[in-house]
Each structure stands twice: as structure tokens, then as C-alpha cells.
Amino acid sequence: MPGMAAPPPPPPHSWGADPGNDVLVLTLQLPAGAVWTLPAYTGGGALEGLHRNIYFFAGSAAVVDGMKLSSHKRIKVRPEVAVQIEAGSGGPAEILVLQGRDLCEQVVQHGPFVVSSPQEVRQAMLDYSITGFGEWK
């Protein structure tokens with residue numbers, strides 16, 4: 001993305017490593033009053049199934065595409081449209097942008113665990129209780 005440092009590579013066999021999934025994880029730290037435009041998606045993939053969310057998670061105020069935010073929240077935006085993001089004049093704002101395609105598989109979440117089946121949740125909880133995340137197998 002123009003003006004951004006090259007990101008670290010995703011884990012080699014992960015869903016995010018497949019360029020066809022159009023994964024984008026971006027954090028912005030905008031000084032008070034600063035404006036930045038998130039470019040429209042220009043990848044070669046179809047727009048169907050591609051999702052883009054903007055999370056205002058730190059700071060007192062932000063403006064996302066004309067919408068004034070004074071509390072932290074998520075905004076779902078259309079990936080094919082450029083979006084202007086602005087920090088409020090009262091202080092800096094921190095923004096997280098997440099983009100990617102549908103997983104197209106079952107997702108089961110329980111606490112911090114996100115897996116594909118209830119059985120995998122139970123196994124993850126058991127593994128955690130034994131290793132405390134110290135030794136993934």
C-alpha cells in the first residue's frame with residue numbers, strides 16, 4: 001500500500017498467506033486533525049465475499065467517511081470505495097483496518113479459541129489447560 005512499510009509475511013500455511021484471500025491488516029496512528037485516505041480495493045479478485053472493516057479503538061474522536069465517532073466502534077465499508085479517515089482535533093486517533101474474504105467453512109468460537117468444530121474447541125481448551133499455550137502440537 002502506498003506510503004506504508006512492507007508488512008511481515010503471514011505464517012506460511014495460513015489462510016492469510018493465500019494472495020487470493022486479499023488479507024489486509026493495517027494499523028493507523030493519526031495525530032490530531034490528520035487525514036488519511038484508505039484507497040479503494042484494486043486487486044484482481046471479485047468483490048463478492050470481500051469484507052473491509054474499520055475499527056476506531058483509541059482516541060477521543062475520529063471521522064470516517066464523514067461519520068463523526070466519539071466512541072470506539074466498528075464500521076463496515078465497501079472495499080471498492082476509497083474512505084477518508086480523520087483524527088479529531090482534540091487528540092490522536094488509532095484505527096485498525098481489517099480486510100479479507102469469507103472463510104467458507106464453519107467457525108466455532110469459545111472465549112479466545114476460534115476453530116472449526118465444537119470438538120476442536122474442547123481439544124484447544126484441553127491443550128491450553130495442559131500447556132498454557134506453551135507447546136502447540
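The values are calculated or read from the model by the stated rules, or taken from the named source; none is laboratory data. The structure presented is a predicted model; accordingly, all values stated were derived computationally and were not measured. Neighbour counts run over all protein chains shown; Cβ positions are idealised from the backbone, glycine included. These accessible areas exclude ligands, DNA and RNA; they are computed on the full protein's heavy atoms, side chains included. Shrake-Rupley method; radii C 1.70, N 1.55, O 1.52, S 1.80 Å.
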Q) Going from most exposed to least, what order do Thr42, Thr37, Thr27 have by accessible area with a 1.4 Å probe? A) Thr42, Thr27, Thr37
Q.
If you take every residue apart from Gly43 with its C-beta less than 11 Å away from the C-beta of Gly43, what net charge results, scoring Lys and Arg +1 and Asp and Glu -1?
A. -1
Q: Convert each backbone phi in segment 62-69 into a coupling constant with the Karplus relation 6.51 cos²θ - 1.76 cosθ + 1.60 (shift: θ = phi - 60°), then list the ³J(HN,Hα) values in order as whole Hz, x for Gly and Pro.
A: 8, 10, 10, 6, x, 8, 7, 10
